[in-house]
Amino acid sequence: MNRTIFTATLALLLTLTLSACGTDKPGDAATPQKEDAGHDETGHGHEEGESETDGTTIKAALAEQSGIISAPVQAGTIADEHEVQGLLTPVDGRVAQVMARFPGPIRTLRANVGDRVRAGQPLASIDSNLSLTTYSINAPISGVVLARQAQVGAVAGEGTPLFEIGDLSELWVDLHIFGADTQHITAGVPVTVTRMTDGVSQGTTLERVLPGTATASQSTVARATVRNDDGSWRPGAAVTARIVVAMQPAEKVVPLSALQTMEGRDVVFVRDGETYTARPVILGARDASKVEVKSGLEIGEQVVVEQSYVVKADIGKAGASHEH
Ligand SMILES: [Zn+2]
């Protein structure tokens, strides 16, 4: 309860701080190296005419209650990740058409769409017009009945597909890759595939980049396989995938959750006991969860990695009380 009220109050204060300031926008992550690194050597010193205050004190118990967590700056890796889209399709050669061998009326049907069948299981019996005997049609592979075009009493023609059975225990994920990424993304790299319907993910490996280009979209298809033991991955469904091309070592890394922007600059909050100080940082490469710090921090310094916006709001509050 207390925490909710506390957070709500800080959120309100944050809003007031931002509207008073009016120029709070995210830092330009695309060109971090272009910034003048000179003024960062001093770390957290006041810049003239800039911030009124850049630090605050938060009691340990209150910090804990607010979910503020700090962790030491460490070396790490930054992934080169590509987010792409794709479609699930049955694996080639694992869909079978089941035909009538000889024409004749269908006498019985023993499988419906959606049924799981095993190889050799009888699916239908047909009275042959040629031999005047009844013969059985069996499943050629184990899988799921995807389609059935048959009714009892109807005449099955020679070569007419009565059933379509798919082994969907694995599916292909065909991912669409554009432009220069085609040269960049190669087989063997890890892929995380996510269903768009419910966000469920599965890790796999990129198996191959197909030769040729899809004419309509001018994309190249990169293919992976997902396991589908429970049948919850459905052919035809759209997915997104995160392809990790390379992992670059970085000397100093902080989670993205540590980053805030104050007066147009990227900052993190360095904790020393119960004192929290905004520290401008120069950022390098980033991935989905973390960012390289090129300067402004030293290895081992304690940085707020969770609820950093709460610290930012508290510093804003401290600044406001100084001014008025
Ligand atoms: Zn890349």
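The values are calculated or read from the model by the stated rules, or taken from the named source; none is laboratory data. Keep in mind that this is a model prediction, so the values were computed, not measured. Glycine also receives a Cβ, built like all others from the backbone with ideal geometry; neighbour counts cover every protein chain displayed. Remember, those area values only see protein heavy atoms, side chains included, never the ligands or the DNA or RNA. Shrake-Rupley method; radii C 1.70, N 1.55, O 1.52, S 1.80 Å.
If you look at the Cα atoms of the range 247-324, you get an Rg and a Dmax of 13.1, 49 Å.
In the calculated pair-distance distribution of the range 188-324, the portion above 22 angstrom amounts to 58 percent of the Cα-Cα pairs. Residues in the range 77-92 carry Karplus couplings, in order, of 10, 10, 8, 8, 10, 10, 9, 10, 10, x, 9, 7, 9, x, 5, 3 Hz; the curve used is 6.51 cos²θ - 1.76 cosθ + 1.60 with θ = phi - 60°, and Gly or Pro positions show x. Between S289 and Q65, the distance separating the two model label sites (each 7 Å from Cα on the Cα→Cβ line) works out to 3.1 nm. Using a probe of 1.4 Å on the protein chains alone, the accessible area found for D54 is around 30 Å². With every protein chain in place and a 1.4 angstrom probe, the accessible-area ranking of T56, T108, largest first, reads T108, T56. Relative to its residue count, the range 252-296 spans a Cα convex hull of 75 Å³ per residue. Inter-label distance, M196 to R101: 4.4 nm, where each label sits 7 Å from its Cα along the C-beta direction.
Extents of the range 104-150, largest first, come to 31, 18, 11 Å (Cα atoms, principal axes, whole angstrom). When T204, T192 are compared by accessible surface with a 1.4 Å probe, the order from highest to lowest is T192, T204. If R0 equals 35 Å, the separation of the Cβ atoms of H184 and I141 corresponds to a calculated FRET efficiency of about 0.40. What is the sum of charges, Lys and Arg at +1 and Asp and Glu at -1, for the other residues whose Cβ falls under 13 Å from the Cβ of E292? Result for the local shell: 0.
In nm², what is the average projected area of the convex hull enclosing the Cα atoms of the range 82-127? Don't jump to the answer; show the numbers that get you there.
Working: hull surface 21.2 nm².
That works out to 5.3 nm², a quarter of the Cα hull's surface.
For the range 219-289, the equivalent ellipsoid built from the Cα gyration tensor has semi-axes of 40, 16, 13 Å, listed from largest to smallest.
Across the range 255-270, coupling constants 3J(HN,Hα) worked out from phi with the 6.51/-1.76/1.60 Karplus curve, θ = phi - 60°, read x, 4, 5, 7, 7, 9, 10, 10, 6, x, 10, 6, 9, 10, 10, 8 Hz, and Gly and Pro carry x. No solvent, one uniform scatterer per C-alpha: report log10 I(q)/I(0) for the range 106-202 via the Debye equation at q = 0.19, 0.23, 0.25 1/Å, two decimals. Summing over Cα pairs of the range 106-202 leads to -0.93, -1.18, -1.30. Hey, can you grab everything whose amide H is under 5 Å from the amide H of D266? Only 5+ residues off in sequence or another chain; H modelled, so Pro and N-termini drop out. It is V281, by chain and number. Applying the Karplus relation 6.51 cos²θ - 1.76 cosθ + 1.60 with θ = phi - 60° to the range 160-168 yields 3J(HN,Hα) values of 8, x, 9, 10, 10, 10, x, 8, 9 Hz, where x marks Gly and Pro. Would you work out the relative contact order for the range 166-242, in percent, from Cα pairs under 8 angstrom that are 6 or more residues apart? Averaging sequence separation for qualifying contacts and normalising by length gives 42 percent for the range 166-242. A Förster radius of 25 Å combined with the Cβ-Cβ distance from A237 to Q151 puts the calculated FRET efficiency at roughly 0.25. Pairs of alpha carbons in the range 166-231 separated by more than 17 Å make up 45% of all such pairs.
Under a 5 Å amide H cut-off, with hydrogens placed 1.01 Å from N, D80 pairs with V245, A246, M247, Q248 among residues at least 5 apart or on other chains. For the range 209-324, give the percent of accessible area contributed by carbon and sulfur heavy atoms, probe 1.4 Å, rounded to a whole number. Carbon and sulfur together cover 50 percent of it. Scanning residues 5 or more positions from K294 or on other chains, those with amide H under 5 Å from its amide H are I282, L283, G284, with H placed 1.01 Å from N in the peptide plane.
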